[in-house]
1. Hey, what's the per residue convex hull volume over the C-alpha atoms of the range 44-86, in cubic angstrom?
2. Taking 0.36 nm per residue of separation and subtracting the Cα-Cα distance, what length does fully extending residue 121 through residue 71 add?
3. Between the range 23-63 and the range 77-115, what is the separation of their alpha carbon centroids in Å?
4. log₁₀ I(q)/I(0) of the chain at q = 0.11, 0.13, 0.14, 0.18 Å⁻¹, via Debye over equal Cα point scatterers, no solvent, to two decimals?
5. Using the count of nearby Cβ atoms within 10 Å as a rough guide to exposure, how do 101, 74 rank from fewest to most?
6. What is the distance, in nm, between label points placed 7 Å from the Cα along the Cα-to-Cβ direction at residue 42 and at residue 28?
7. So between residue 97 and residue 154, what do we pick up on full extension, going 0.36 nm a residue minus the alpha carbon distance?
8. Starting from the 7 Å offset along Cα-to-Cβ, what nm value, one decimal, do you get for the label separation of residue 61 and residue 35?
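Values quoted throughout were computed directly from the atomic coordinates according to the rules given, and no laboratory measurement underlies them. What you are looking at is a predicted structure, and each value in this text was computed from that prediction instead of being measured. Heads up, the Cβs are rebuilt from the backbone with ideal geometry, glycines too, and the neighbour counts pull from every protein chain shown.
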């Protein structure tokens, strides 16, 4: 049993570290909508600790008409390099428009998000596949220094 717990913890650390290391600090990345089942998206950028962060994804007409549904997950990563587990977000759906919000904690580095498209034939796709879209914080730590509009010397303002 201890071995299973130890292996699980090592795997979680590897995922968190990989997720953190795979980012280009300060550079948001989002979808090219022509490669997705959504026609547009808007997101609060940068994300600000303690303030509402909102994501709006609009499903394209072709997917709306074939009863596709979306599930949006988020993951918040902190300036100490630790990422929280992914969370399936509660959505407000108005026709093709899917909206979710969250409030990042103090000292967060970025918010990751992704969309799972679930089709009528019980298949699904992830956007992006095997990764996350990322919105950076207004104050993030990278390679020994703080950056972003809210960075102040050795910390966040």
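1. Taking the convex hull of the Cα positions in the range 44-86, it is 97 Å³ per residue.
2. The residue 121-residue 71 span can extend by a further 16.4 nm.
3. Between the Cα centre of the range 23-63 and that of the range 77-115, the gap is 11 Å.
4. Scattering profile of the chain, log10 relative to I(0): -0.48, -0.65, -0.74, -1.07.
5. Least crowded to most crowded, the residues run 101, 74.
6. 1.2 nm
7. 16.5 nm
8. 2.5 nm
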